[in-house]
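Structure first, then comments.
The values are calculated or read from the model by the stated rules, or taken from the named source; none is laboratory data. Small disclaimer: the values here were computed from a predicted structure and weren't measured. We place every Cβ from the backbone using ideal geometry, glycine too, and count neighbours over all the protein chains shown.
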Amino acid sequence: MKTIIVGLGNPILSDDGVGVLCAIEIKKLIPRKMEEDVEITEACVGGIRLMELLVGYDRAIIIDAIKSNNGHSVGAIRKMSLNDLREISPTQHSSSAHDTSLVTAIDFGKKLGLRLPFEYYIYAIEVDNISDFSENPSHEVSLAIPMVSEMVLNDLKDYSNANG
């Protein structure tokens, strides 16, 4: 099964770069035997552009910052499905492809007949500071990086063990 891991965010906007930092950490830790079936990349895109990155893969693991204001503490990790994302990020009244959510973009891609993943895992790390220029996330968000990296690697190992 061909898997893509995408670490999202802007690496110079403090906590917003956490997905990118997780992808970098996973690259360091991934066992060589998994490298053949897994591509790890960083991106600072969303919507249609992100969907385009996923074409041709069977499974997508997406890591990104989230600022939900729903009582989650900074640094909290939420493992979500595409349906979970659909519930919290609908595209409404979009006048530009730049405004399109990932879910809307994936739905659009499927209608076009693109070969998109059939499995999605989304790791959302609760953040606070996404506007200050800094290459370093806050302390709480920094603590989530090795935890998310390990969770992603465990997902890959579990799938690999289950499927031979």
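Here are a few things to note about the model shown:
- Within segment 130-156, the set of residues being in a loop (DSSP other than H, G, I, E, B) and within 14 Å of S73 (Cβ to Cβ) comprises S138 only.
- For segment 67-103, the set of residues classified as surrounded by fewer than 16 Cβ atoms within 10 Å (Cβ to Cβ), in a helix (DSSP H, G or I) and modelled with pLDDT of 85 or more consists of N83, D84, listed by residue number.
- Restricting attention to segment 2-32 and to residues that are among the aliphatic types (A, V, I, L, M) and in contact with a strand residue (DSSP E or B) (Cβ under 6 Å, 6 or more places away or on another chain), the residue that is nearest to L143 (Cα to Cα) turns out to be V18.
- Looking only at residues in segment 33-66 that are surrounded by 21 or more Cβ atoms within 10 Å (Cβ to Cβ) and touching a Pro at 6+ places or on another chain (Cβ under 9 Å), the one that is nearest to V141 (Cα to Cα) is A65.
- Test for I30: is it farther than 21 Å from D132 by Cβ, surrounded by 16 or more Cβ atoms within 10 Å (Cβ to Cβ) and in contact (Cβ under 8 Å) with a residue 60 or more places away in the chain: yes
- Within segment 128-140, residues that are surrounded by 14 or more Cβ atoms within 10 Å (Cβ to Cβ) sit with their Cβ atoms under 8 Å from residues that are assigned to a loop (DSSP other than H, G, I, E, B) and β-branched (V, I, T), at 6+ positions apart or across chains, in these pairs: D128/V74; S134/I12; P137/V127; S138/V74; S138/V127; E140/V74.
- Considering residues of segment 104-120 that are touching a residue at least 12 places away in the same chain (Cβ under 8 Å) and loosely packed, with under 14 Cβ neighbours inside 10 Å only, the residue nearest to L50 (Cα to Cα): R115
- Listed by position, the helices (runs of 4 or more DSSP H) enclosed by segment 1-59 that each have at least 1 residues that are of a type outside the set (A, V, I, L, M), at pLDDT below 95 and closer than 23 Å to R115 by Cα are 32-35, 47-54.
- So S73, is it among the hydroxyl-bearing types (S, T, Y), under 21 Å from I145 (Cα atoms) and within 13 Å of the chain's Cα centre (by Cα): no
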